[in-house]
Amino acid sequence: MHRQWHRVLLRLASAGMVACALLGTANAVEVVSDPTAFLEQTEGVRTTDHPRFLRMLAQIHDEAPELTSAQRWYLRYLDAWQLAFEGDTSKANAMLRDIMDHSGDVTLQAKATALLMHNYGLGNRYEDAFGLANQLASDLPSISDRLARFTVLSNLSQLMMFAEQSDLAIKYARMMEDSLPPGESLCNPLSIEVAALNNSGKLTSSSQKLLEAIDTCTAAGQPVFAETLMLIKGDLYLSEDQPAKTLELIHRILPGINANGYYSHMRAAQVQLGQAYEKLSDDNNARKAALAVLSMSGQDEVSQWVRNAYEVLYKVEKKRGNAAASLAYYEHFVAQDKGYLNDVSARSLAYATVQQHLLAQRLEAEGLSKQNNILRLQQQLDTKAVETSRLYIAFLIMLMVSIVFWLFRIKRSQLRFKMLSYQDSLTGIYNHQHFVSEADRVLHQTERKSGAACLISIDLDHFKLINDTHGHAVGDVVLRHTVALCRRQLRPTDLFGRLGGEEFGILLPDCTREQGVAIADRIRAAIESTPVDGDGRLVTFSASIGLASTDSSGYELGLLRKEADAALYRAKRTGRNRVIADTELHGMARA
């Protein structure tokens, strides 16, 4: 579900900027008799008639020398919007920041802040985006312009879905419905609300809210929003195991998607075609659709479209019995999946960090306010009679205790957050980021004393099959069980971390290659011989392990990881359930 909503959110976030209705665009450009009114008209056709928007933007630029300062700032905002639409977010963001800092127009500043927040979210600058979100949420009651308020609410709602805060996303979407500016339909807020409901698992392919949103966007002449909603419906059909309905739906809307030429929708449609064909065992068409997705994507791109395309190709080649091709596609799929998990972790950590800072600031402000109250009360004590002094002193003590309590809460919250930032939430061992940081530090120490160390890379064999067969709950039990087995073989000085999914890393300081191979093989044997109970059935599993040593690879963590991963993939290719070290010849392994 999380992967589905992430694709939907990327489509929906950009759809607000690219929902061009392609209406023929034969309208004549208006005469600029009132520049302010003309700029407002230009902004109003951004998503319904984008070619007309471009013509009007060019026309107002021709008459720019006659514009007032306020009108020039307005034009600068529309230029920044168009740059973001074209993908030049770096230049757009600089212009938006200039508008926020120097325009002096409260309404324009709110729009610029909302668009900058949107760009930060799509550009993976999550802490910056959530910081602006808090600022906009605080300023929302003072934003009186209906279009500016509508724009702010739309971007806030989309960003909350990035943070997996579905309830907040729905709340902001419904506030949009109550703040419709003149000429605006319910299409935009309904689309966001549907996406948030889908994210929280409260939507089916027959949900009335989904059907209502599709009809509303179709009637409003917003084809890109309507296609976004129908692609959500296609995803839901797949999750409900109705691939034939997905095929029928995609073939019906595909001509419109291709006519509009919206890149995200073209890839999403091909992904759904590939997934549906694969479920229906039409392997040739499934493979054709998946390869079409890869041909539309960048070579080094990490995205859900590319991830799902590799998954389809992996399944097709596996069914055909092409082991080498299947493994190659599976490795690409794992790399894409790891990239997705890292992005989810980055978003969640950024949201938690910003909220933590906000909480600390609020508590600090409360503490300062109470300290000011104490000072005022102390001044009053000088003028009070002796018989009431004890009462005031007692009251002051209570306030001091309250301040100490709040400060204690701040410290405890900060310590708890620090601990969570180090640990993997499922297994309790180091997360990817902290493991890399600690491993690099220990390797530098080992190099200074000319010691030896080994890096072990562990990957559970056929883990996705365990999830598909027994469910993700059993998969989580397998991961925790693996961690427990590994810990029994490790020393207190060894570093142990989860690198993502079913992949783990172990750094063994003061350890020769021979000792490292022995430890790795004990881990492999323990995993192979110790099944887990999965809902009354024993689930057996194994692990492939690669090992790199500082004896041959040096003390640079990046090179050690590369060598360990290469050894791990050799273990996969030569039969799995084995340990391969970085210097072993092809075909030589412990099993």
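The values are calculated or read from the model by the stated rules, or taken from the named source; none is laboratory data. Since the structure is predicted, the reported quantities are computational estimates derived from the model, not experimental observations. Cβ coordinates were reconstructed from backbone atoms using ideal geometry, including for glycine residues, and neighbour counts include every protein chain displayed.
To keep it simple, each residue is scored yes or no on (1) outside the structural domain of VAL224 (by TED's automatic domain parsing); (2) touching a strand residue (DSSP E or B) at 6+ places or on another chain (Cβ under 8 Å); (3) buried (at least 22 other Cβ atoms within 10 Å of the Cβ); (4) modelled with pLDDT under 80.
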site	(1), (2), (3), (4)
ASN124	yes, no, no, yes
PRO141	yes, no, no, no
GLY183	yes, no, no, yes
ASN188	yes, no, yes, no
VAL194	yes, no, yes, no
ASN198	yes, no, yes, no
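Of the helices (runs of 4 or more DSSP H) lying entirely inside segment 485-591, the ones with 3 or more residues being surrounded by fewer than 18 Cβ atoms within 10 Å (Cβ to Cβ) are found at 513-529, 557-573. Given the criterion over 22 Å from the mean Cα position of the chain (by Cα) and at pLDDT 85 or above, identify the matching residue among ALA292, ALA268. ALA292 is the lone residue from the list that is over 22 Å from the mean Cα position of the chain (by Cα) and at pLDDT 85 or above. Inclusion of LEU538 among residues that are assigned by TED's automatic domain parsing to the domain that holds GLY451 and under 26 Å from HIS444 (Cα atoms) is not warranted. Exactly one residue out of LEU168, LEU210 is within 25 Å of the chain's Cα centre (by Cα) and modelled with pLDDT under 85, and it is LEU168. For segment 422-461, the candidate set comprises residues that are assigned to a strand (DSSP E or B) and hydroxyl-bearing (Ser, Thr, Tyr); within that set, the residue that is surrounded by the most Cβ atoms within 10 Å (Cβ to Cβ) is SER457. Which of the following residues is in contact (Cβ under 8 Å) with a residue 12 or more places away in the chain and within 25 Å of the chain's Cα centre (by Cα): GLN336, GLN222? Testing whether each residue is in contact (Cβ under 8 Å) with a residue 12 or more places away in the chain and within 25 Å of the chain's Cα centre (by Cα) leaves just GLN336.
This table checks each residue for (1) more than 30 Å from GLN272 (Cα to Cα); (2) surrounded by fewer than 16 Cβ atoms within 10 Å (Cβ to Cβ); (3) modelled with pLDDT under 65.
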site	(1), (2), (3)
LEU10	no, no, yes
CYS20	no, no, yes
ASP34	yes, yes, no
LEU39	yes, no, no
THR42	yes, no, no
VAL45	yes, no, no
ARG52	yes, no, no
ALA70	yes, yes, no
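When ALA112 is tested against (1) modelled with pLDDT of 85 or more; (2) within 30 Å of GLY234 (Cβ to Cβ), exactly one condition is not met: (2). Looking at segment 314-326, is at least one residue of a type outside the set (Val, Ile, Thr), touching a Gly at 6+ places or on another chain (Cβ under 8 Å) and buried (at least 17 other Cβ atoms within 10 Å of the Cβ)? The answer is no, given that none of the residues of segment 314-326 is of a type outside the set (Val, Ile, Thr), touching a Gly at 6+ places or on another chain (Cβ under 8 Å) and buried (at least 17 other Cβ atoms within 10 Å of the Cβ). Only residues that are within 19 Å of VAL45 (Cα to Cα) and either among the aliphatic types (A, V, I, L, M) or modelled with pLDDT of 90 or more (or both) were counted in segment 75-109, giving 9.
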